[in-house]
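The values are calculated or read from the model by the stated rules, or taken from the named source; none is laboratory data. What you are looking at is a predicted structure, and each value in this text was computed from that prediction instead of being measured. So basically every Cβ, Gly included, is an ideal-geometry build from the backbone, and we count neighbours across all protein chains shown.
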Amino acid sequence: MKYRRLGKSGLQLSELSFGAWVTFAQQIGDGTAEELMTIAYDSGANFFDNAEAYAEGRAEIVMGKILKKKGWLRDTFVVSSKVFWGGDLPNQEGLSRKHIIEACHAALRRLQVDYLDLYFCHRPDPDTPIEETVRAMSDLIAQGKVLYWGTSEWSAAGILRAHAIAREWHLVPPTMEQPQYNMFVREKFERELAPLYEKVGLGTTVWSPLASGLLTGKYNDGDPGDTRISMPMYSWLREQFETDEARRRLEKVKQLAEVAGDLGVTLPKLALAWCLKNPNVSTVITGASKPEQVRENMTAGDVVRQLDDGVMQRIEAILQGG
């Protein structure tokens, strides 16, 4: 496992990390969750991603129990939470000072840790002044309850605004952004956010590197069953797989599988390595429901050196094809 700095911060994250979205407290049992986290940790992964919205907080409870049981030294892992969707009542969602502070305390209880290494604003909140959000996050850092704060799916303009406010009021600016990034979703990461990597030293913890499973190849012949798109709460994912664009992407996936085959690697490892090839990626968050998936994902870094200019050009030709 290789490690990368989170932007220009001093924090080192494993280039491949492990997240709880979809699977924990929903698709897999607690015993399986423990096995998957253990495999990731033993493989060198040191970052575990979570959020208050995942399974309505239950994903953090599961992860917290595992962290407590395993007894891993606190300086050997990094754990995150995200704040925005905490409930349906007033003040249970958004980025008001009240919800940010209360959501942080709740996440600490669920995860059974004294502080959050990373704390993300899960989405921008148009109903809360950004000054209020920046001050609340900065205060949590001053109190030692959070070490680094960042954003998830914010615009470059929003992130720059947060930095400007932090400078003006001598507060702590956001360190990282968590955007979606994969072979099919590239525009924001490679274009919109590009100036921020150097300008403000933005780190990135990218999600959905396998395009919700599309880049595993398992959907090439239709839904095999027992996947996230079969779950009722993720019907929106199934709808995405039924569009004309999804069908065009499936054809590209088949061609990408041929590239992987020529390299002697699996398609998921190729897709993950493609993300890691970008130096502005701090860590790639992986997810899994089976032990063999974690074992495979955690070795994807070995494939990066095979992605020379010729291979990257071949991949690009497929992705840009009609």
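Residues of the range 284-304 that are out of contact with any helix residue (DSSP H, G or I) (no Cβ under 9 Å at 6 or more places or on another chain) and under 25 Å from E198 (Cα atoms): I285 alone.
Residues in the range 165-221 that are without any contact (Cβ under 8 Å) to a residue 60 or more places away in the chain, under 19 Å from S80 (Cβ atoms) and of a type in the set (F, W, Y): 0 in all. Are any of the residues in the range 152-174 within 13 Å of T205 (Cα to Cα), at pLDDT 95 or above, buried (at least 22 other Cβ atoms within 10 Å of the Cβ) and of a type in the set (D, E, K, R)? There is no residue in the range 152-174 that is within 13 Å of T205 (Cα to Cα), at pLDDT 95 or above, buried (at least 22 other Cβ atoms within 10 Å of the Cβ) and of a type in the set (D, E, K, R).
Scan the range 228-259 residue by residue and report those that are over 22 Å from I28 (Cα atoms), of a type in the set (S, T, N, Q), in a helix (DSSP H, G or I) and modelled with pLDDT under 90. Write out each step before concluding.
Step one: filter the range 228-259 for residues over 22 Å from I28 (Cα atoms), giving 239-259.
Narrowing further to those that are of a type in the set (S, T, N, Q): 240, 243, 255.
Add one more test, that the residue is in a helix (DSSP H, G or I), and what stays is 240, 255.
The one that is over 22 Å from I28 (Cα atoms), of a type in the set (S, T, N, Q), in a helix (DSSP H, G or I) and modelled with pLDDT under 90: Q240.
Just to be sure before I move on: is Y148 buried (at least 21 other Cβ atoms within 10 Å of the Cβ), within 28 Å of A211 (Cβ to Cβ), of a type in the set (F, W, Y) and out of contact with any helix residue (DSSP H, G or I) (no Cβ under 6 Å at 6 or more places or on another chain) in the structure I sent? In short, yes.
Take the conditions over 16 Å from the mean Cα position of the chain (by Cα) and more than 16 Å from L147 (Cβ to Cβ) and apply them to E52. Does it pass?
Details: over 16 Å from the mean Cα position of the chain (by Cα): no; more than 16 Å from L147 (Cβ to Cβ): yes.
So E52 does not fit the description; no.
Looking only at the range 254-292, residues that are in contact (Cβ under 8 Å) with a residue 60 or more places away in the chain and at positive phi come to 0 in all. For R97, which of the numbered conditions (1) surrounded by fewer than 21 Cβ atoms within 10 Å (Cβ to Cβ); (2) touching a helix residue (DSSP H, G or I) at 6+ places or on another chain (Cβ under 8 Å); (3) under 22 Å from A162 (Cβ atoms); (4) free of Cβ contacts under 8 Å to residues at least 12 places away in the same chain fails to hold? The number of the failed condition is (4).
Please count how many residues of the range 269-284 are surrounded by 21 or more Cβ atoms within 10 Å (Cβ to Cβ), touching a Phe, Trp or Tyr at 6+ places or on another chain (Cβ under 8 Å) and more than 13 Å from Y3 (Cα to Cα). Looking only at that region, the number is 1.
Given the options D117, D125, D139, name the one that is surrounded by fewer than 18 Cβ atoms within 10 Å (Cβ to Cβ) and of a type in the set (D, E). Spell out how you get there, then give the answer.
Values: D117 fails: surrounded by fewer than 18 Cβ atoms within 10 Å (Cβ to Cβ); D125 fails: surrounded by fewer than 18 Cβ atoms within 10 Å (Cβ to Cβ).
D139 is the lone residue from the list that is surrounded by fewer than 18 Cβ atoms within 10 Å (Cβ to Cβ) and of a type in the set (D, E).
Whenever a residue of the range 293-312 is assigned to a loop (DSSP other than H, G, I, E, B), its partners that are among the small types (G, A, S), lying with C-beta atoms within less than 8 angstrom and at least six residues away or across chains, give the pairs M298/A40; M298/S43; M298/G44; M298/A45; T299/S43; L307/A273.
If you go through the range 35-45, how many residues are touching a helix residue (DSSP H, G or I) at 6+ places or on another chain (Cβ under 7 Å) and buried (at least 23 other Cβ atoms within 10 Å of the Cβ)? Residues flagged as touching a helix residue (DSSP H, G or I) at 6+ places or on another chain (Cβ under 7 Å) and buried (at least 23 other Cβ atoms within 10 Å of the Cβ) within the range 35-45 amount to 3. Does L272 satisfy the condition of being of a type outside the set (K, R), under 24 Å from V311 (Cα atoms) and either at pLDDT 85 or above or under 22 Å from the mean Cα position of the chain (by Cα) (or both)? Yes; evaluated as a whole, the condition is true for this residue.
Against the definition (acidic (D, E), part of a helix (DSSP H, G or I), over 19 Å from A288 (Cβ atoms) and free of Cβ contacts under 8 Å to residues at least 60 places away in the same chain), how does D88 come out, yes or no? No.
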